[in-house]
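The values are calculated or read from the model by the stated rules, or taken from the named source; none is laboratory data. Bear in mind the structure is a predicted one, so any value in this text is a computation, not a measurement. Glycine gets a Cβ as well: all are built from the backbone with ideal geometry, and neighbour counts include every protein chain shown.
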């Protein structure tokens with residue numbers, strides 16, 4: 001069990017400490033699970049010249065589904081699945097993870113309706129029992145094309161682990177899927193149905209979206225605002241999408257798919273979160289705007305792992321060496337720690353500064369690749 005309440009006082013020495021103001025060579029003192037200050041001490045635990053960065057904060061990963069559903073029709077026991085997910089998360093240097101759970105179902109994943117509440121309960125059970133090494137919070141990804149989303153939001157929005165809500169619309173012809181024909185071909189292949197059956201399924205989805213989409217959206221927005229939860233728009237493609245989100249009080253634009261949408265989100269005062277895999281791969285798998293272009297234009301405020309948890313660590317260190325962007329190492333690390341923590345209202349972490357939580361990651365470089373050497377959460381070594 002992770003007992004962070006009794007973490008021993010500790011000095012981490014011979015470290016290259018990545019602070020908001022620069023990289024400082026020296027030692028970091030930890031007392032009572034909190035950062036107590038920096039100095040030149042040579043005693044304590046030597047990190048051998050490794051970088052010491054704040055624990056990564058991941059606002060969006062649906063990687064958990066790779067463990068709960070290792071095959072399309074296989075549901076794995078939930079707590080063991082979550083422990084496997086947690087092991088991957090912590091190994092990538094993430095100490096605070098927002099498990100991004102689908103609220104409502106897509107056509108391809110109807111089981112998401114049934115699994116949501118048991119999965120939330122399993123995450124809460126694991127967190128309370130101390131079996132996770134990272135801290136797990138909930139990001140509710142609300143699909144407005146599914147009328148069932150209304151009841152599912154009502155059942156989960158007040159859960160104490162729920163800290164973030166996003167509004168999604170995966171209806172073909174808009175946002176992530178503007179090319180209906182391409183979406184249709186992909187859908188019938190993945191669902192293994194013929195064109196006639198696929199057409200009936202798509203027509204049903206479109207009918208539900210037209211009749212209920214705005215009603216579901218309004219409900220999600222109202223419930224989130226009543227609970228004072230940060231709201232994110234998802235996959236905005238147009239200026240109109242960004243304007244709608246801003247008018248609804250959303251403070252964060254998550255994964256805008258075009259330059260136009262990102263620029264309008266910034267103009268409307270919204271923060272912008274983009275996916276680290278897009279940056280590492282050199283572009284979007286769906287043909288959307290490349291994160292590298294938005295980074296070069298200063299239109300990215302934070303990165304999220306999306307579907308590869310350790311992508312945040314890799315992206316931050318690659319970004320610091322990228323001549324096409326203005327980010328040095330402290331600025332790159334802030335994109336995966338300080339900025340997402342602030343967006344989620346977690347002011348007690350995300351930076352190496354006196355008085356903040358000692359969520360820390362020691363990273364050494366091997367052949368240009370960042371390798372996690374050790375991880376501490378609230379001053380206790382967990383990896």
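The table for this structure:
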{"read-out": "Residue under evaluation residue 154, criteria (1) more than 19 Å from the chain's Cα centre (by Cα); (2) part of a loop (DSSP other than H, G, I, E, B); (3) under 23 Å from residue 116 (Cα atoms), criterion not met", "value": "(2)"}
{"read-out": "The stretch 275-288 - residue that is without any contact (Cβ under 8 Å) to a residue 40 or more places away in the chain and under 18 Å from residue 183 (Cα atoms) and, of those, surrounded by the most Cβ atoms within 10 Å (Cβ to Cβ)", "value": "284"}
{"read-out": "Qualifying residue in the stretch 194-204 (condition: closer than 30 Å to residue 272 by Cβ and surrounded by 12 or more Cβ atoms within 10 Å (Cβ to Cβ))", "value": "no"}
{"read-out": "Filter pass, residue 208 being in a helix (DSSP H, G or I) and touching a residue at least 40 places away in the same chain (Cβ under 8 Å)", "value": "yes"}
{"read-out": "Candidates 93, 130, filtered to the one that is out of contact with any helix residue (DSSP H, G or I) (no Cβ under 8 Å at 6 or more places or on another chain), at pLDDT 95 or above and on the phi > 0 side of the Ramachandran plot", "value": "130"}
{"read-out": "Flag for residue 165 being part of a helix (DSSP H, G or I), buried (at least 20 other Cβ atoms within 10 Å of the Cβ), touching a helix residue (DSSP H, G or I) at 6+ places or on another chain (Cβ under 8 Å) and assigned by TED's automatic domain parsing to the domain that holds residue 339", "value": "no"}
{"read-out": "Which numbered condition residue 225 fails, given (1) surrounded by fewer than 15 Cβ atoms within 10 Å (Cβ to Cβ); (2) farther than 19 Å from residue 163 by Cα", "value": "(2)"}
{"read-out": "Residue match in the stretch 321-339 (condition: touching a residue at least 24 places away in the same chain (Cβ under 8 Å), at positive phi and under 18 Å from the mean Cα position of the chain (by Cα))", "value": "no"}
{"read-out": "Top-ranked residue of the stretch 357-376 - restricted to ones that are over 21 Å from the mean Cα position of the chain (by Cα) and assigned to a loop (DSSP other than H, G, I, E, B), ranked as nearest to residue 271 (Cα to Cα)", "value": "368"}
{"read-out": "Selected residue (criterion: surrounded by the fewest Cβ atoms within 10 Å (Cβ to Cβ)) from residues of the stretch 264-274 that are free of Cβ contacts under 8 Å to residues at least 60 places away in the same chain and under 14 Å from residue 290 (Cα atoms)", "value": "272"}
